[in-house]
Amino acid sequence: MDKNINVRQALRVFQKVLDLGTPNGETTTYKQLDATSGYDGYTIVLSDECVNLTIFFHNKFALKYTSKRALYAFLSKLEDIDRVRAVREDRGE
């Protein structure tokens, strides 16, 4: 099952969570999905209450989950957020 993680999709979702979510310290939350990144920016984490997906440099990843049901729900959440059209605010740059 771990081999079925779409890292590109997860990276898109990470950016959408940052763009559309609510920041809380080092974590940003959108639709019950938390996004954080390492101090160097090369490691990112997407997580909910039962699943933790860590993506490292060169698209390597680690996945921890409490049950297959939780994993399927997490993957469904990634798909749902990936379908959302992210609208960035114009910052006048």
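Phi angles across segment 24-33 convert, under the Karplus curve 6.51 cos²θ - 1.76 cosθ + 1.60 with θ = phi - 60°, into 3J(HN,Hα) values of 8, x, 8, 10, 10, 10, 9, 6, 6, 10 Hz, Gly and Pro given as x. What is the angle, in °, between the Cα long axis of helix 7-20 and the longest principal axis of the Cα atoms in the chain? Nearest 10 is fine, range 0 to 90. Orientation of helix 7-20: about 40 degrees from the principal axis.
Taking amide hydrogens as placed 1.01 Å from N in the peptide plane, the amide H of Phe61 sits under 5 Å from those of Phe56, each at least 5 positions away in sequence or on another chain.
Taking 0.36 nm per residue of sequence separation and subtracting the Cα-Cα distance, how much length would be gained by fully extending the chain between Thr43 and Lys68, in nm to one decimal?
Working: separation 25, 0.36 × 25 = 9.00 nm, distance 2.42 nm.
Additional length available on full extension: 6.6 nm.
Relative to the longest principal Cα axis of the chain, at what angle does helix 68-83 sit, 0 to 90 degrees, rounded to 10? Once rounded, the angle reads 30 degrees. Full extension of the segment from Ser76 to Asn52, taken as 0.36 nm per residue of separation minus the current Cα-Cα distance, would add 7.2 nm.
Note that segment 2-83, at 20 °C in a medium of 1.002 mPa s, gets a Stokes-Einstein diffusion coefficient of 170 µm²/s from its Kirkwood radius over C-alpha pairs. From least to most packed, judged by other beta carbons within 10 angstrom and beginning with the fewest, Phe74, Phe57 follow the order Phe57, Phe74.
Residues Tyr39, Tyr30, Tyr72, ranked from the fewest to the most other C-beta atoms within 10 Å, line up as Tyr39, Tyr72, Tyr30.
Each value in this text was obtained by applying a stated rule to the coordinates, not by laboratory testing. None of the values given here were measured: they were computed from a predicted structure. Cβ: placed from backbone, ideal geometry, glycine included. Neighbour counts: every protein chain shown.
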